[in-house]
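The values are calculated or read from the model by the stated rules, or taken from the named source; none is laboratory data. As the structure is a computational prediction, the values presented were derived from the model and not from experiment. We place every Cβ from the backbone using ideal geometry, glycine too, and count neighbours over all the protein chains shown. When the accessible area is computed, the model is the full protein with side chains, heavy atoms only, and any ligands, DNA or RNA have been set aside. Shrake-Rupley method; radii C 1.70, N 1.55, O 1.52, S 1.80 Å.
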Amino acid sequence: MALLEVKDLKVRVEEREILHGLTLTVNEGEVHAIMGPNGSGKSTLSHVIAGKPGYEVTDGQILFKGEDLLEMSPDERAAKGVFLAFQYPVEIPGVATMNFLRTALNAQRKARGESEYSTPDFLKKVREVSKSLNIPQDMLKRGVNVGFSGGEKKRNEVLQMALFEPSLCILDEMDSGLDIDALRIAADGVNALRSPKRAMVVITHYQRLLNYIVPDVVHVMSKGRVVKSGGKELALELEASGYAQFEDAA
Amino acid sequence: MNVAVAKTGKGRAVSDLFTSAEGRLPGSTAVTAVRREAFETYERLGLPHRRIEEWKYTDLRALVGEVLPLAAAPDAAALKRAADAVKTHAIAGARKLVLVDGVFAADLSDVKALASEAGFKTLRETLEKDAGLLKTTSTDAVIALNAAMATDGVVLDIADGAQLSAPIQIIHIATAAAASAFTRSQVTIGKGAHATIVESFVAAGSKAYQVNDAVIVSVGDDADVAHIRLMDDAPDAVNLTSHFVTVGANVKLKFFNMTTGAAVSRLQGFITLAGEGSELFANGVNLLQKTEHGDTTLVVDHAVPNCVSREIFRAVIDDRAHSVFQGRIIVRPDAQKTDGKMMTRALLLSDEAEADNKPELEIFADDVSCGHGATAGALDDSLLFYLKARGLPEKQAQALLIQAFVGEAIEQIADDSLREHVIGIAERWLERRS
C-alpha cells in the first residue's frame, strides 16, 4: 500500500523554483534512497514533507496514508507518523533530553487520542532503546544535543525514531560528519527499525551509507526532479560514473 | 525645575490621602513626626517621572497617575478570601507570615511554629515604642511615601548560628479593590545563620489595587541565605517594592526575583556588600504580557574588597509589554579584587514588545574584574521547527523554549520543592498567554 505519494510537486524558495514537478511513491515496508548532487533539491523535499516554514508549494500534492499532508502543521504530521531525522540536529540548551523526549512522545500520543505514557513505562522504554544505541544515561540528562558529538546527535535522532515509532522515516544526509564507526552504530539502529509497516527514505550524497542501510529502490535526483529510479545496483553505478550524466538528462 | 512644578494635581491627591489615613497609621507621637517628615519629602518630589534619571523608563506619573486611598483593615469576609489564597499559594512546609491588605493576619500565620527558630514582631508592635524602622535617608519619592504610610509588616530576627529547618514565607494578599497597601518589613539574619526567606505577592479576587512595600535586610557574617521574591499580583495591580540589603563578611546570599503579575511594577534593590569575602548571586526573571510594565532596578555596591557579585536577568516579553532592567555596580575606591558581573537577556515574543536595559558600572578601584552583557532577540525558528517536527504544537514548543530561557536564572534555587513552586508560577503565566 502506498504510504507516501508525492505528485508533480513544485516548490519555490524566495521566488526561486527548487522542485520542478517531483513525483515519488513509497510503499509500506520499503526503503528508498534518494541520491543526487548538491543543489538537486533532496533536502528541500525532506523539509517540505516535514512542514518546515519558508517553502512555497506552487503545484502538486503530497499524500500520506491518503491524506493531504500539506494541509497539516508540522506537529500534526509528526503525530500522524512522519519523522524527519535532521541532517544537522539543533542544540537546545536548557531543555533536558529526557524531558524533551517525554513531552514530544506524549504530545504525539495526545494528538492521536491515546493515553500518555506513565513515568515508569516511559523510563523503561528509553532505557531499552538507548542501551541498544549505545547512548549513556548521563547524555539523556543533558540539554538536547548540547555538547553532543556528531555521532551522538545522529544516535539521538535514531533514539527518537525508535521511541516515536513513526510509519515514515526520512533520513536527511545521516552520514554527514560521521566516521565509519559512528555511521555503523547509527545504521544498525535504523536497520533494527525496518518493519513491514514502516517505510524509510534515505537521502544521501554518497553511496557509502547504502552499504549499511541497503535500499529497495534508488532514485536519482537532479535539478529538482527524479531523473532515474532503479534497484540498489543503481547506487553502485552512480558511485562509478558520477552524477554528470544525469545533470545532462535533466 | 522648581517645587511648584513638581507638585502636580496628582501629588495633591496623595496629600488628601495622607490626611485621611493619618488617624489609622500606627505609632506613637514620635512616629507620627517621622511619618510627616517622610510625607513632606514625598510631597516635595511628587510621583517619579521620566525626567528623574533613575525612573527614566518607568514614568509613574504617566503609568500610574495617582496613588489610591489606604485600604481598610480586612474584615471577616476578606480574611476568609485570604485564607483560601494562602492554601493556594503557600509553599509546602514553609512557615507562613501573612499580610492582608497591608495588615498582619496572625490567624493565617505560623507564629507559634516560628517562635522556636526566629524572633518575630509586627511592624505595628515595634512602632509603639520606636520610629526607627520608618527612618530613611533616601530621596526616592516611592520610599518616602512608604515610610509615611506603612501600616504593618514583619520584623524577623534570626539568631546567630540559627539553622532554619524550613523556609519562612511572607505572603502579601490583596483583597481590597481600588485601594493601596503600604508595608515595611525588616529581616535580620545573625552570624553564621542559614535561612531561606520567600516573599509572595498575590491577589484574592482583588482588582486594580496598589502595593508599596519596603524590606530592610541585614545579613550577618558567615551566613548562608536564600531570599526569593515572587510577585504574582493581579494583572491590573501596581507593585512598587524597595529592598535595602546590607551584607556582612563571608556571606553567601542568593537573591531571586520573579515578576509574573501587575500592570505596573518596579523592584528596586539596593544591596551593599559591606564585609569582605562575600558572594552575591542576584537573579531575576520578568514574565510580562498584555500591556504590563515590569522594572527591575538593582544597585550593587561593593564597599569593601574581595567580594563577588553575579547578576543573571531574563525577561520574556509578549504582546505590548515593556520590561526594564537597570543594573548598577559600584566599586568603591577600597574595594580591590572585586569580581562583579551582570548578564541580561530579553526574549521578545511580539513585534510590539519592548525591552530597556541599562547597565552601569561605576568603578573607583583599579584592580577589579567587572563586566556586563546584554542580548535581545526572538525565539529561534530552527529550534521551534525541530520541536514541532517532533510533535509539539506551536504553543507548547514556545513554552518549552521559554522555560529553557528563564531556566538559567531559576536553577540557582537549590531547594527542589521551592524551585518547583517557582516553575509552577511560570507555567501558569505561560498558560495565560493568548
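Tabulated data
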{"quantity": "Helices (runs of 4 or more DSSP H) within region A:137-202 that include 2 or more residues surrounded by fewer than 22 Cβ atoms within 10 Å (Cβ to Cβ) and within 14 Å of chain B (Cβ to nearest Cβ)", "calculated": "A:150-164"}
{"quantity": "Condition check for A:MET98: within 14 Å of another protein chain (Cβ to nearest Cβ) and in contact with a Cys (Cβ under 7 Å, 6 or more places away or on another chain)", "calculated": "no"}
{"quantity": "Condition check for B:GLU292: surrounded by fewer than 20 Cβ atoms within 10 Å (Cβ to Cβ) and either out of contact with any helix residue (DSSP H, G or I) (no Cβ under 8 Å at 6 or more places or on another chain) or aliphatic (A, V, I, L, M) (or both)", "calculated": "no"}
{"quantity": "Test: residue in region B:30-47 that is among the hydroxyl-bearing types (Ser, Thr, Tyr) and surrounded by fewer than 22 Cβ atoms within 10 Å (Cβ to Cβ)", "calculated": "yes"}
{"quantity": "Filter pass, B:ALA113 being over 20 Å from B:ASN212 (Cα atoms) and in contact with a Lys or Arg (Cβ under 7 Å, 6 or more places away or on another chain)", "calculated": "yes"}
{"quantity": "Index of the failed condition, A:LYS131 passing every other in (1) open to solvent by less than 40 Å² (accessible area, probe 1.4 Å); (2) at pLDDT below 95", "calculated": "(1)"}
{"quantity": "Qualifying positions in region B:67-86 - under 21 Å from the mean Cα position of the chain (by Cα) and either of a type in the set (Gly, Ala, Ser) or open to solvent by 70 Å² or more (accessible area, probe 1.4 Å) (or both)", "calculated": "B:ALA71, B:ALA82, B:ALA85"}
{"quantity": "Residue ranges of strands (runs of 3 or more DSSP E) in region B:96-175 with at least 3 members open to solvent by less than 10 Å² (accessible area, probe 1.4 Å)", "calculated": "B:154-158, B:168-174"}
{"quantity": "Pair list, Cβ < 8 Å and 6+ apart or interchain, from region B:15-29 residues that are hydroxyl-bearing (Ser, Thr, Tyr) to residues that are in a loop (DSSP other than H, G, I, E, B)", "calculated": "B:SER20/B:PRO69; B:SER28/B:ALA131"}
{"quantity": "Test: residue in region A:71-85 that is surrounded by fewer than 19 Cβ atoms within 10 Å (Cβ to Cβ), in a helix (DSSP H, G or I), away from every other protein chain (no Cβ under 11 Å) and in contact (Cβ under 8 Å) with a residue 12 or more places away in the chain", "calculated": "no"}
{"quantity": "Check on A:VAL48, at the interface with chain B (Cβ under 10 Å from one of its Cβ atoms), under 27 Å from A:ALA187 (Cβ atoms), open to solvent by less than 50 Å² (accessible area, probe 1.4 Å) and in contact (Cβ under 8 Å) with a residue 12 or more places away in the chain", "calculated": "no"}
{"quantity": "Top-ranked residue in region A:160-185 [being over 13 Å from the mean Cα position of the chain (by Cα) and closer than 18 Å to A:GLU91 by Cβ; ranked as modelled with the lowest pLDDT]", "calculated": "A:GLY177"}
{"quantity": "Within region B:188-205, tally of residues that are part of a loop (DSSP other than H, G, I, E, B) and in contact (Cβ under 8 Å) with a residue 60 or more places away in the chain", "calculated": "2"}
{"quantity": "Conditions (1) under 30 Å from B:ASP130 (Cβ atoms); (2) modelled with pLDDT of 90 or more; (3) not in a loop (DSSP other than H, G, I, E, B); number of the one not met by B:ARG61", "calculated": "(1)"}
{"quantity": "Only one of A:GLU71, A:GLU91, A:GLU67 that is under 24 Å from A:LYS153 (Cβ atoms), of a type in the set (Asp, Glu) and modelled with pLDDT of 95 or more", "calculated": "A:GLU91"}
{"quantity": "Residue match in region A:127-135 (condition: in a loop (DSSP other than H, G, I, E, B), within 13 Å of chain B (Cβ to nearest Cβ) and touching a helix residue (DSSP H, G or I) at 6+ places or on another chain (Cβ under 9 Å))", "calculated": "no"}
{"quantity": "Residue list for region B:40-58, restricted to those being among the hydroxyl-bearing types (Ser, Thr, Tyr) and either without any contact (Cβ under 8 Å) to a residue 24 or more places away in the chain or outside any loop (DSSP other than H, G, I, E, B) (or both)", "calculated": "B:THR41, B:TYR42"}
{"quantity": "Single residue of region B:371-387 satisfying the filter (open to solvent by 40 Å² or more (accessible area, probe 1.4 Å) and of a type outside the set (Ser, Thr, Tyr)) that is farthest from B:ARG433 (Cα to Cα)", "calculated": "B:HIS372"}
{"quantity": "Residue within region B:173-186 that is on the phi > 0 side of the Ramachandran plot and not β-branched (Val, Ile, Thr) present", "calculated": "yes"}
{"quantity": "Options A:GLY54, A:GLY113, A:GLY39: the member that is more than 9 Å from chain B (Cβ to nearest Cβ), open to solvent by 10 Å² or more (accessible area, probe 1.4 Å), assigned to a loop (DSSP other than H, G, I, E, B) and within 30 Å of A:HIS20 (Cβ to Cβ)", "calculated": "A:GLY39"}
